[in-house]
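Sharing a structure below in structure tokens format, with a few things to ask.
Taken together, the values in this text are just the output of simple stated rules run on the coordinates, not laboratory data. Note that the structure is predicted; figures quoted are calculated from it, not measured. When we count neighbours, we look across all protein chains shown, and the Cβ atoms used for this are built from the backbone with ideal geometry, even at glycine.
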Amino acid sequence: MKPKIIFWFLFVCVISPPLCAQQNQKQDSLLKKYNQQEESIEKVKTIQELFYSEMYSTPEKARAYAQEGIEMSKRIKYESGEGVGYYHLGSFYQVLIQMDSARYFYKKSAAFWEDAGDTERLASTISSLGTLEKLDGNYDKAQEMYDQAITMYKEAGNISHMANAIASKASVHSEMGNYRLALIQALESLRLRDSLNTKPWRKADVLRQVGQIENQLKNYKSAIHHFESAATIYSSINDNVYLGHAYSDLGTSYFELSDFDNAILNYENSLGIADSLDIPDMRQNALSNLGMVYSKMGQYDKGISYLEKALSKERKRNSLANHISNLIELGHAWNRKGNPDKGIGYLNKAIYYADSIKASGKSLLAYGHRARAHEILQDFQNSTKDLKKYQQINDSIYNTTKSQQIEELRTIYDTEKKEQQIALQEKEITVLEQKAEISNLQKLIMGIGLLLSLIGFYAIRQKMKRNRLEREKVEIELEFKKKELTTHALNLARKNETLENLKLKAQELKEKENTGTGYNQLIRSINFDLQDDNNWENFSRYFEEVHKDFNSNVKTKYPEVTSNELRLLALLKMNLSSKEIANILNISAEGIKKARYRLRKKLDLSTEDSLQDLVLSL
């Protein structure tokens, strides 16, 4: 057994037995406290804790606590308690996927916080409303609400909740297929968490989210690192529900790496927690995953046994997607076992459910496996029909994925552009403030100079001071322009590299799919951007402001230098790498080498002479 397997095995064997005891002990303590308290604000707060202790195990009990908290708060005139109670009811209905009811109570809670001027609780409620929009697929509305919550948290100085809202934004991008953007935002949330000394489970949740995004990007080893970090935190605070989910995530990463021993162990750990805490969805998911692993290993009887157990278990809440996956895996397993007739029965059901909820990815798998089943039965007519349907769905998914990738590139570009504009505005404000300070200082010095005009030595000192301030002002402006030039150059390089990669991908897709019109338009558009002289003109303007007379000096000393060679000299002057220069000039790395060789020859440099040193001296 591998060392890592031993670690997780001991982890569950030591921790799992007392899971239920710990949970029951906490609830017993709260109930004892509740029974001893008179009606008061303190008792309402105890009721709120009882709500959370029951929410994910016995939701109906949780709802009863929420309603009791509202009624008691009304009797004792505790408006904040009433607002929290409505928020809890919203959470209860959200867990049950009853969105209209959840939205009603969240809005009712928000009205309390708005009247009370409680910005942070209002932001939390808006964030929860954003989550409802996300669950309904209204991603733009969800992003808008999360952005509103982030702004409110930032103004209130609540970095912890701001990190939560950023993580929620990341989850929206993840669902939209914008995994790179999702990863950027999830890591930003994690960075904020690391800067705070707050509840550890918050950090664990973000670590798990980062791991899930890394799984989507197929960075499975990185995903495992994040899942293990999350699991360690969940274990240390006895958050056993999410520990079970972390085990399931770990199992999936190991499965994708074909490390079936570790996959099975982690899925069994998740199943053990699900059984000990009686969590039906987690149990069903673990059984399904174990069935999938054993089927993949060729142990079809064992795989089918687990998958059928998963189907027979009670399903709560919105688990139809898992149910469809089970049916597909069962159909595939029976095909591989050599009983395609039975496999077709499961696949027919899978296709019916998948089509009903427009789950195109699952429909794709089901049609593919059913086509194979018909082929095994030599029913080539139905096999061909299923293959055609498979291709139609695959083309649709492919086009959607490409559109998402292009939209993600556009979003990244727009986001970076907006951030650059904000940074530039902040710099301009700083320079203006510095100018105003210098102007006020100059006026003050002039006044003092008039009063003390007879004191020559003092006047000379003031003049020296003014000169120093002017020099500092010039140095500040020059430093600002240098940063601006470097930013512009790197952005130009990054833009050209992105466009070039997109162009190559479009050409590759064009060759694969034997279609030309759409891709040719895309390639022409990219070529136009790559060859846009406006980009170079803007760069040249910034360059001349920083390196005055450089171009004229080169022309005077080396009149035979061409305009393209002058561009190369300017980029060498900035000490950029060959890759960055190649991206800016839109030529290959080999082209840069040839251009440097021709330039050295024209400048009459020997093999011992340094081209870089010569350029820096100009």
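Please rank 45, 601, fewest neighbouring Cβ atoms within 10 Å first, as an exposure proxy. Numbers along the way, then the final one.
On the way: 45 16, 601 9.
Lowest count first: 601, 45.
Between residue 225 and residue 605, what length in nm is gained on full extension when 0.36 nm per residue of separation is reduced by their alpha carbon distance?
On the way: separation 380, 0.36 × 380 = 136.80 nm, distance 5.24 nm.
131.6 nm is the gain from fully extending residue 225 to residue 605.
Across region 165-174, in residue order, what do the Karplus-derived ³J(HN,Hα) couplings come to in whole Hz, using 6.51 cos²θ - 1.76 cosθ + 1.60 with θ = phi - 60° and x for Gly and Pro?
For region 165-174, the Karplus curve yields 5, 5, 4, 5, 4, 4, 5, 5, 4, 5 Hz.
What FRET efficiency comes out for residue 26 versus residue 396 if R0 is 56 angstrom and r is the Cβ-Cβ distance? Round to the nearest 0.05. Could the numbers behind the result be given before it?
Details: r = 49 Å, r/R0 = 0.88.
In this case the efficiency is close to 0.70.
Once you place label points 7 Å from the Cα toward the Cβ at residue 99 and residue 358, how far apart are they in nm?
1.1
Could you give the length gained by full extension between residue 545 and residue 107, i.e. 0.36 nm per residue of separation minus their alpha carbon distance, to one decimal place?
Working: separation 438, 0.36 × 438 = 157.68 nm, distance 5.51 nm.
Extending this stretch completely gives an extra 152.2 nm.
Find how many whole Å separate the alpha carbon centroid of region 191-222 from the alpha carbon centroid of region 260-315.
25
Can you tell me the length gained on complete extension of the stretch residue 147 to residue 575, counting 0.36 nm per residue apart and subtracting the Cα distance? Write down the numbers at each step before the final one.
Numbers: separation 428, 0.36 × 428 = 154.08 nm, distance 3.93 nm.
Gain in length upon complete extension: 150.1 nm.
R0 = 35 Å: FRET efficiency of residue 339 with residue 216, Cβ-based, nearest 0.05?
Details: r = 34 Å, r/R0 = 0.96.
FRET efficiency, residue 339 to residue 216: 0.55.
Taking neighbour counts of Cβ atoms within 10 Å as a proxy for exposure, in what order, fewest first, do 323, 369 appear? Intermediate values should be presented prior to the final figure.
On the way: 323 17, 369 27.
Sorted ascending by nearby Cβ count, the order is 323, 369.
So, one more: Based only on other Cβ atoms within 10 Å, what is the fewest-to-most ordering of 210, 172? Display every interim value, and only then the final one.
On the way: 210 25, 172 22.
Starting with the residue having the fewest Cβ neighbours, the order is 172, 210.
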